Structures are given as C-alpha cells and as structure tokens.
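Undergrad: Take a look at the following structure, please.
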Amino acid sequence: MSAQVTLSKVRSIAVIEVNNPPVNALGHAVRKGLWDSIEAAEADNTVKAIVVIGAGHTFPAGADIKEFGTVMQQPHLPEVIDRIENCKKPIVAALHGTALGGGFEVALGSHYRIASADARIGLPEVNLGLLPGAGGTQRMPRLCGAKLALDVMLSGKPISATKAHSAGLIDSLTEDDLRVAAIKFAEDVQEVRRSRDETKCMLNAEAYRDAVAEAKKMVSTRMRGQLAPTKILECVTAALEKPFAEGRAFERASFFECLSSKQSKGMIHAFFAERASAKVPEASRAKPRKLESLGVVGGGTMGAGITVAALDSGLPVTMIERDAESIARGRANVEKVYDRLVAKGRKTENQKSAVMALYSGSTDYNDLSNVDMVIEAVFERLDVKREVFEQLDKVMKPEAVLASNTSYIDIDLISSATSRPSQVVGLHFFSPANIMKLLEIVVPKGAADDAVATGFALAKRMRKVPVRAGNSGGFIGNRILGKYGICAAHMMEDGASPYDIDDAIFEFGYPMGIHAMYDLAGLDIGWDNRKAAAPTRDPAERYVDIADKICERGWFGQKTGRGFYRYPNGARVGTPDPEVLEIIQAERKQKGLTTKKFSKSEIIERYLAAMVNEGCEVLREGVALKPSDIDVTSIFGYGFPRHRGGPMKYADMYGLDKMLSNIQKYEQEDPVFWRPSPLLLELVKTKRNFDDLNKG
Ligand code: 3HC
Ligand code: NAI
C-alpha cells in the first residue's frame, strides 16, 4: 500500500482512506494506493463492499495540479477510476469537504455516493483552462442531464451536496458521522451499479440538446476565446451521441489538448500565483492583531463599498462622515447595495436588517476609540487625509491599525500627521469594493509587521486576494496602468482610434477596452491627476492632450452621458462618437503628425510591452515582491484575462527576447517613453524569465 492511502476493515466492509494533506490531491502515490487497495479488497473473500473516504477535512479535491506539465506516472486517474467502476464488489464514495475535479470523478466512478450534508461537489477544471479529464464529462451528464452538468463544468463553481442529492448525483445525505454512515450504507448495498450504463438523461435528447445550445451561447460571449469551455461543450455533446468508450476517448484527447495549451499554463500559473501572493515576510514574522471591529472614515463610493465588504464578513462597522447630511448619505449608500440584493431576491429584508444591525454611523471621531482597525476613504487630497489622520491619532487606541485607501498618495506623507507612523498602512480596495477581489496592501518602510499581518487577515476574512505593494506612487496596479494608458494615448495620436484600441483589447480578453474603462471610472479623475502632475512633468516627455480636450467639454464619461463614447439615454455600453474622432484629428493636425495604421496585434504588442516594461521597474524597485504578484494585481484588479496568466506570465510565454526587441524598436521613435527596463535587459542577457524570479 502507500502511506497516503490506508486499507482497513470494519466487519465486512473495507475502508480505503486517502490521507494526503492539505486537500488529499490525487498525486501518483494516492492513485497507486487506491489501485492497490481496490485490488486487495476485491481479492479478500471476507470483504462484501468497499468505502472510499478522505482523511482530514476533505474528500480528494482533485488531481495534483503540481504534476501537470511533468511526466505523469501510471496508473493514470482515468484508469484508476475504471478500476473502481469495474470492481466486482460495490464501492461507496463517502464525500465531505470539497469533492472537486478528479476527486468528484472518483465518486462518479464509484457505484454509490453518500455525502455529509455540508459537503460541496464540483468540477472546477475550467478555472485551470482544463476540462474534467477522468470521465467527468461522460459520467456526470449520464446521471443528471446536460443542464446541471454544464452549469457545474462551465462555471467551475461547486454546488451543495443537497443540490447534488436532489439532482440524482448523490444517493444519500447524512448529518451523522460520515464514516459510520458510509459503512452502514455499504452494508446495505447488494450490487454494483455503473454510472457509464445510466441512460436516464438520454431519454429526453431534445432537452439535452437545448441545454447544450444555451450553454454555447453563454460561452461565445462570456468565455470568448477560451479553449476549455468549447471542449467541454463538445465532450458533453459526445456523451449524448457516442458510446461511453468513444466519448471518454474524445474527452481524454481534449483534456491533453487543453493541458498543452498556453491558456491552461496561464490559468494554472494564476492559481498558484493567487495563493503565493498571501505569503509575505511580515505575515511570517508576526501574528495579526485582534480584529473584531472596523472604523471607516468617508461614506462615498469607496467608504460605502468597504463597509459592505466588512459587514458581509461579519465585522461591525462604525462609519464617520463630515456632517449629519453626509452620514445620512453614507448610510444610504450602504443600504442601497442591500436593497438591490433584496430586489433581486438574493437577500431577504430580515437578512438585510441583521447585517445593518452591525452598522453604525457617526460624525464624532470619539466613536472610533474602541475599534481595532480604521480605513480612511475620504477625498483624494493630502490636506484632507492628513487632517483625518490627526483626528484618528487622538482617538484610536494604541494597538489599533490605521489604514488609508488612497489611490496614489505616499502613505508616509499621510502617516507623518500621526505620532505613530509605524501603525499606518495602505489598504487599496478597488471599485466596487464589495465585489472586486483585489486588495493591495501597501507597506511603507518601518511599518509594524503585525499591522501588516492584520491587513492580510482582513483580506482573508473579506475573501479578497491580497497583494503586498511597496509605497510608490500608484503602488503596483495604478502605476502600471499609468504607463499602458500613456502607450494607448500615443497610439491614438499616431493613428489608431480609441475604438480600434478598445476592440483589440477586448479581443485579447479584457472585459472592456481602456477607453470604455476610463469612461466608467470618470475622466475627471485622470484629468485632475494630470493637472496636478503638470508642474513636475519632464518637458522631454511626449504629452497627448486628447483626453484633456474631451474633459474641457464637460464630457467625463458615463456619468455625463459622453466621454470617449456616447451613452444616449443612460446606456451602459457606449457607441463611438464622431465628434471625438474630430477632436483627435484636430490634435494630430495641430501637431503636424503623420498617422499610420495599427493592426490589432501591433496594438496588443505595444500595450503589453508598456505593461511589462513598467512591471519590470516595479519589481526592480521592490514595489512588487515577485512577478506573479503583478499578474495577480492585473487579473483581480484590472480585468487582465486570467486565461493569459497575467502580463508577466504572458511575457514569458511570448518570449522576453522578442518583447525586448519590440521595445528597442519602439525606442527608436520615442527614447524617453520606451527605455527598456534594466531588469528586462538583464533577464534576456542571462536567459532567464519571470518564472525564474518567482521561484527565486
Ligand atoms: N493540487 C495540488 N495542490 C493543491 C490542490 C490540487 N488540486 N488544491 C489545493 N492545493 C494546495 C494549494 O496550492 C495550497 O497550497 P499552499 O498551502 O502551499 O499554498 C493548499 O493546497 C491549500 O489550498 P487553499 O489555500 O486553496 O485552501 P482552501 O481551503 O482555501 O481551498 C480548495 C481548498 C477549495 C480545495 C482549493 O484549494 C481549490 O479549489 N483547489 C483546486 C481544486 C481543483 O481545481 N481541482 C481540480 C484539479 S484538476 C483535475 O482534477 C483534473 C482531473 O479532471 C483529471
Ligand atoms: P467620494 O467622493 O465618493 O467619497 C469621499 C467621501 O469622503 C465623501 O462622502 C465625503 O463626504 C467624505 N469626507 C470628505 N472629507 C471627510 C472628512 N474630513 N471626514 C469624514 N468624511 C469625509 O470618493 P471615493 O471615490 O469614495 O474615494 C475615496 C478614496 O478612495 C480616495 O482616496 C480615492 O482615491 C480612493 N479610491 C477610489 C477609487 C474609486 O474608484 N472611486 C478606487 C480606489 C481608491
């Protein structure tokens, strides 16, 4: 046997237990252990039936993702599952925790399934750019039909055991001890029963085909450009149209096609990058402080969003505003979010009241004297923020953590308004703060380790993806955005329309182009920043006036009905505006520029090169600790398509030497903007890439 799989006997039932913490992943030793245990139990005349169960807190949560990309050793998972299904003695899978991916496929290959009532099951392979490759696409629709199977496989989201039970995927639910209940269940079963022989769902082929057609529509819009979802659709179609063996062979070939794609490499990278971003030196050196209550100063867009995120995580919040009118508005901003959820039926009035009971509003800073942490989200003006921190310094208890949600301001300039700068960090949420997953945790020099660790603890509690950032203007995300934003402006002046640029970016996989994004955020924000930066701008730097000219007309984007696009009658998706094209043309003429045509691929090459080159600078200065943190920031805060792995992973796959030579070509046109980062030069010279830095 193997240390990771044990075989024991309870009366006439063999119990095979997988023990491979933390998630009982189905690595080689587990697969081999399962195989050998089934063989032994089948050969044992005193065994009547077999239970397969996970030790610790979960049934296997999938194949071992770390093995992907290596030469996989036999037995492979599909063979192990076939061995289970072909066993002459009944096998009962006993599910608890998260039975995911290959783990759930083991259960589908078993003859019976019993689950703890709070277990969750799913096939999340699509999140890794893969499809269920061990029979899941063939067995699951045979048991429950195409609709639920496609929902589960395409969303990648787990469903509750209760839902799985009512869909026929689970035979029995238990609130009692799972092991005891599973053994009892196994004692009662008489015969083997194979999912591959199920035909219930095939009885209504029309409904099956309708479900596939509907899913196809969804995939073509919401998952456009991704290989795995398309392959999932084909596999599920094959489950209806082909015998099991043929469907399974097709599934296997499709799985390997996905596994060898850049998309799965990008998504697997993103999976590990997301987990690596939470591992920071401060959190390894210190424990988080007590975090049982939160103060939020400012109840505008961000203050209200942060409040909702905190309330949703069960933290009581005291919100401070300037005056009675502002705090009433702050409260209304919070309530609005819950009212929308009630209107959509996603929360009841009672649930809303229960959450709002954790909220209190005030105009008196003394009401913050007992809270464990405060997050400031007032106007983006240093004088206003310093005044707020002076007040906080007076009232907050000594062990409290003080945080600012500033987008750009140097945290040191804010914290120096207090007598305790080491207790001040940046917590940069993204809008809408209750939805966006990214939280940049800005760590100024000298910040107390446990204050930083408390920021990471807050992120975990709010289910955010935290990234540690150094205290540099715009931190990681906005600083890099600034660069590729300028690159887009250059291309616009040189001949590409904002719509050409947005089309290319959309086609690359972003949910929207940069100009549509500017319109959504409000063009006035960038305008204010540019005006503030004007006195210190390097005169040698190329400056594009087009966005300023648009703002001068009072066109600030969606909120004013016009920006780079027009939004007639409150439309949320803009239409191209000929007057904007006239403004651009006039600017080009005034500067005497000759224009050129940009292909979509050139737009993307330049846009990504600007992103990656600045990413290198951010790394070189230690603002980001590792390239994968930049990938996580871009994916979770800026809509970078996950299936491309993030800009730094994309650059590795594109080829750093090729990207550098593009930059050196652009440098001939504009040596100020396109100066290759010394880090990029160094990596190319030493034939290393960002993955090497991630490992280092
Ligand atoms: N393989 C290898 N390592 C895994 C893993 C897997 N399938 N799932 C999780 N891990 C690792 C994580 O990297 C992490 O490692 P670390 O501590 O070194 O950072 C550790 O296990 C704990 O993971 P989480 O921090 O994510 O723990 P949570 O408790 O928050 O979540 C979970 C647990 C819900 C199981 C989550 O880890 C998860 O979603 N895992 C991925 C599940 C998945 O994608 N399964 C399908 C795999 S592909 C497959 O099965 C192919 C098959 O069809 C052939
Ligand atoms: P906002 O204008 O919507 O809200 C600011 C709120 O602060 C207002 O309600 C105002 O009444 C209140 N306020 C001002 N001075 C105050 C004081 N002295 N005491 C108490 N309350 C005071 O602004 P928004 O968009 O919420 O931005 C807040 C902060 O968050 C800024 O620093 C901004 O840069 C940052 N941020 C904004 C993002 C966005 O997309 N809007 C994204 C990430 C960060």
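The values are calculated or read from the model by the stated rules, or taken from the named source; none is laboratory data. Model, not experiment: these values are computed from the prediction. Cβ sites come from the backbone with ideal geometry, for glycine too, and all protein chains shown count toward neighbours. Just so you know, the surface numbers come from the protein's heavy atoms only, side chains and all, with ligands and any DNA or RNA stripped out. Shrake-Rupley method; radii C 1.70, N 1.55, O 1.52, S 1.80 Å.
Undergrad: Quick one: would you say MET223 is farther than 29 Å from ILE91 by Cβ and of a type outside the set (Ser, Thr, Tyr)?
TA: Values: farther than 29 Å from ILE91 by Cβ: yes; of a type outside the set (Ser, Thr, Tyr): yes.
Against the criterion (farther than 29 Å from ILE91 by Cβ and of a type outside the set (Ser, Thr, Tyr)), MET223 qualifies.
Undergrad: Tell me, yes or no, whether the stretch 524-543 has at least one residue that is under 22 Å from GLU602 (Cβ atoms), away from ligand 2 (no atom under 16 Å from the Cβ) and not small (Gly, Ala, Ser).
TA: Taking the stretch 524-543 as the starting set, the residues that turn out to be under 22 Å from GLU602 (Cβ atoms) are 542.
Going one step further and asking which of them are away from ligand 2 (no atom under 16 Å from the Cβ), we end up with 542.
Still in the running and not small (Gly, Ala, Ser): 542.
Looking for residues that are under 22 Å from GLU602 (Cβ atoms), away from ligand 2 (no atom under 16 Å from the Cβ) and not small (Gly, Ala, Ser), one finds at least one in the stretch 524-543, hence yes.
Undergrad: Filter the stretch 134-156 down to the residues that are closer than 21 Å to LYS216 by Cβ and in contact with a Pro (Cβ under 7 Å, 6 or more places away or on another chain), then identify the one that is surrounded by the fewest Cβ atoms within 10 Å (Cβ to Cβ).
TA: Out of the qualifying residues, it is GLY156.
Undergrad: If a residue counts only when it is surrounded by fewer than 23 Cβ atoms within 10 Å (Cβ to Cβ) and in the same structural domain as SER166 (by TED's automatic domain parsing), which helices (runs of 4 or more DSSP H) contained entirely in the stretch 24-124 have at least 2 such residues?
TA: 28-43, 77-85
Undergrad: Condition first: charged (D, E, K, R) and more than 8 Å from ligand 1 (Cβ to nearest atom). Now tell me which residues in the stretch 91-119 satisfy that.
TA: ARG113, ASP118 - these are the residues of the stretch 91-119 that are charged (D, E, K, R) and more than 8 Å from ligand 1 (Cβ to nearest atom).
Undergrad: Would you mind finding the one in ASP197, ASP177 that is of a type outside the set (Ser, Thr, Tyr) and at pLDDT 95 or above?
TA: Result: ASP177 is the single residue among ASP197, ASP177 that is of a type outside the set (Ser, Thr, Tyr) and at pLDDT 95 or above.
Undergrad: Out of (1) within 16 Å of ligand 1 (Cβ to nearest atom); (2) more than 19 Å from ALA134 (Cα to Cα); (3) at pLDDT 95 or above; (4) buried (at least 18 other Cβ atoms within 10 Å of the Cβ), what's the single condition that is false for ALA283?
TA: Going through the list (1) within 16 Å of ligand 1 (Cβ to nearest atom); (2) more than 19 Å from ALA134 (Cα to Cα); (3) at pLDDT 95 or above; (4) buried (at least 18 other Cβ atoms within 10 Å of the Cβ), ALA283 breaks only (3).
Undergrad: Then there is this: Does TYR543 satisfy the criteria of being of a type outside the set (Val, Ile, Thr) and either within 23 Å of ARG644 (Cα to Cα) or not assigned by TED's automatic domain parsing to the domain that holds LYS600 (or both)?
TA: Judged against the criteria, TYR543 is not a match.
Undergrad: Looking at VAL684, is it closer than 20 Å to SER472 by Cα and either modelled with pLDDT under 95 or of a type in the set (Val, Ile, Thr) (or both)?
TA: Judged against the criteria, VAL684 is not a match.
Undergrad: Can you confirm whether the stretch 494-502 contains a residue that is assigned by TED's automatic domain parsing to the domain that holds MET648, part of a loop (DSSP other than H, G, I, E, B), in contact with a helix residue (DSSP H, G or I) (Cβ under 9 Å, 6 or more places away or on another chain) and among the hydroxyl-bearing types (Ser, Thr, Tyr)?
TA: Scanning the stretch 494-502 turns up at least one residue that is assigned by TED's automatic domain parsing to the domain that holds MET648, part of a loop (DSSP other than H, G, I, E, B), in contact with a helix residue (DSSP H, G or I) (Cβ under 9 Å, 6 or more places away or on another chain) and among the hydroxyl-bearing types (Ser, Thr, Tyr).
Undergrad: Also: With the requirement that a residue be away from ligand 1 (no atom under 11 Å from the Cβ), more than 15 Å from ARG193 (Cβ to Cβ) and hydrophobic (A, V, I, L, M, F, W, C), what does the stretch 63-90 give you?
TA: Hit for the stretch 63-90 is VAL71, nothing else.
Undergrad: Name the residue, out of VAL467, VAL452, that is part of a strand (DSSP E or B) and under 23 Å from the mean Cα position of the chain (by Cα). Show your work before the answer.
TA: Numbers: VAL452 fails: part of a strand (DSSP E or B).
So the residue among VAL467, VAL452 that is part of a strand (DSSP E or B) and under 23 Å from the mean Cα position of the chain (by Cα) is VAL467.
Undergrad: Could you tell me whether any residue of the stretch 332-354 is touching a strand residue (DSSP E or B) at 6+ places or on another chain (Cβ under 7 Å) and open to solvent by 50 Å² or more (accessible area, probe 1.4 Å)?
TA: No, every residue in the stretch 332-354 fails to be touching a strand residue (DSSP E or B) at 6+ places or on another chain (Cβ under 7 Å) and open to solvent by 50 Å² or more (accessible area, probe 1.4 Å).
Undergrad: If a residue must be in a helix (DSSP H, G or I), hydroxyl-bearing (Ser, Thr, Tyr) and closer than 17 Å to ALA107 by Cα, how many such residues does the stretch 155-208 contain?
TA: Within the stretch 155-208, residues that are in a helix (DSSP H, G or I), hydroxyl-bearing (Ser, Thr, Tyr) and closer than 17 Å to ALA107 by Cα number 3.
Undergrad: What are the residues in the stretch 385-404 that are open to solvent by less than 60 Å² (accessible area, probe 1.4 Å) and over 15 Å from SER416 (Cβ atoms), if any?
TA: Residues satisfying the conditions are VAL395, MET396, LYS397, ALA400, VAL401, ALA403.
Undergrad: Still on this structure: Testing TYR607 on (1) open to solvent by 10 Å² or more (accessible area, probe 1.4 Å); (2) under 14 Å from ASP494 (Cβ atoms), one condition comes back false. Which one is that?
TA: (1)
Undergrad: Please work out which residue is farthest from the chain's Cα centre (by Cα), limiting yourself to the stretch 223-279 and to residues that are more than 30 Å from VAL452 (Cα to Cα) and β-branched (Val, Ile, Thr). First the steps, then the outcome.
TA: If we filter the stretch 223-279 for residues that are more than 30 Å from VAL452 (Cα to Cα), which is where we start, we get 223-265.
If we keep only those that are β-branched (Val, Ile, Thr) as well, we get 230, 232, 236-237.
On the way: THR230: 21, ILE232: 21, VAL236: 26, THR237: 29 Å.
Only one residue fits best here, namely THR237.
Undergrad: Need pairs with beta-carbon distance below 8 Å; first residue closer than 20 Å to LYS262 by Cα and open to solvent by 40 Å² or more (accessible area, probe 1.4 Å) and within the stretch 208-235, second acidic (Asp, Glu) and in a helix (DSSP H, G or I); sequence gap 6+ or separate chains.
TA: GLY225/GLU507; LEU227/GLU257
Undergrad: Sticking with this one: Could you go through the stretch 424-446 and let me know if any residue there is in a helix (DSSP H, G or I) and either more than 13 Å from ligand 2 (Cβ to nearest atom) or modelled with pLDDT under 95 (or both). First the steps, then the outcome.
TA: Looking only at the stretch 424-446, we keep the residues that are in a helix (DSSP H, G or I), and these are none.
Scanning the stretch 424-446, I find no residue that is in a helix (DSSP H, G or I) and either more than 13 Å from ligand 2 (Cβ to nearest atom) or modelled with pLDDT under 95 (or both), so the answer is no.
Undergrad: Suppose we filter the stretch 647-690 for residues that are touching a Pro at 6+ places or on another chain (Cβ under 8 Å) and either under 24 Å from ARG275 (Cβ atoms) or surrounded by fewer than 20 Cβ atoms within 10 Å (Cβ to Cβ) (or both); how many remain?
TA: Let us first name the residues in the stretch 647-690 that are touching a Pro at 6+ places or on another chain (Cβ under 8 Å), namely 648-649, 660, 663-664, 667, 690.
Among the residues that remain, those that are also either under 24 Å from ARG275 (Cβ atoms) or surrounded by fewer than 20 Cβ atoms within 10 Å (Cβ to Cβ) (or both) are: 648-649, 664, 667, 690.
The number of residues fulfilling the criteria is 5.
Undergrad: Another one. Exactly one condition in (1) β-branched (Val, Ile, Thr); (2) assigned to a loop (DSSP other than H, G, I, E, B); (3) under 18 Å from ILE306 (Cα atoms) is not met by ILE409; state its number.
TA: The single condition ILE409 does not satisfy is (3).
Undergrad: Just a yes or no: is a residue in the stretch 212-231 in a helix (DSSP H, G or I) and touching a Lys or Arg at 6+ places or on another chain (Cβ under 7 Å)? Break it down into steps so the answer makes sense when it comes.
TA: In the first step, residues of the stretch 212-231 are kept if they are in a helix (DSSP H, G or I); the result is 212-222, 227-231.
Among the residues that remain, those that are also touching a Lys or Arg at 6+ places or on another chain (Cβ under 7 Å) are: none.
The answer is no; no qualifying residue exists.
Undergrad: A follow-up question, please. State all residues of the stretch 432-458 that are surrounded by fewer than 22 Cβ atoms within 10 Å (Cβ to Cβ) and closer than 18 Å to ALA304 by Cα; if no residue qualifies, say none.
TA: Matches in the stretch 432-458: PRO432, ASN434, ILE435, MET436, LYS437.
Undergrad: For PRO124, are the conditions met, namely being within 15 Å of ligand 1 (Cβ to nearest atom), within 31 Å of the chain's Cα centre (by Cα) and on the phi < 0 side of the Ramachandran plot?
TA: On the way: within 15 Å of ligand 1 (Cβ to nearest atom): yes; within 31 Å of the chain's Cα centre (by Cα): yes; on the phi < 0 side of the Ramachandran plot: yes.
Yes.
Undergrad: Which pairs have Cβ atoms under 6 Å, sit 6 or more apart or on different chains, and link a residue in the stretch 541-554 that is part of a helix (DSSP H, G or I) to one that is open to solvent by less than 20 Å² (accessible area, probe 1.4 Å)?
TA: ILE546/ILE584; ILE546/GLU587; LYS549/ILE583; CYS551/LEU523
Undergrad: Among the numbered criteria (1) without any contact (Cβ under 8 Å) to a residue 40 or more places away in the chain; (2) over 35 Å from the mean Cα position of the chain (by Cα); (3) within 16 Å of ligand 1 (Cβ to nearest atom), which one does SER37 miss?
TA: Against the list (1) without any contact (Cβ under 8 Å) to a residue 40 or more places away in the chain; (2) over 35 Å from the mean Cα position of the chain (by Cα); (3) within 16 Å of ligand 1 (Cβ to nearest atom), SER37 comes up short only on (3).
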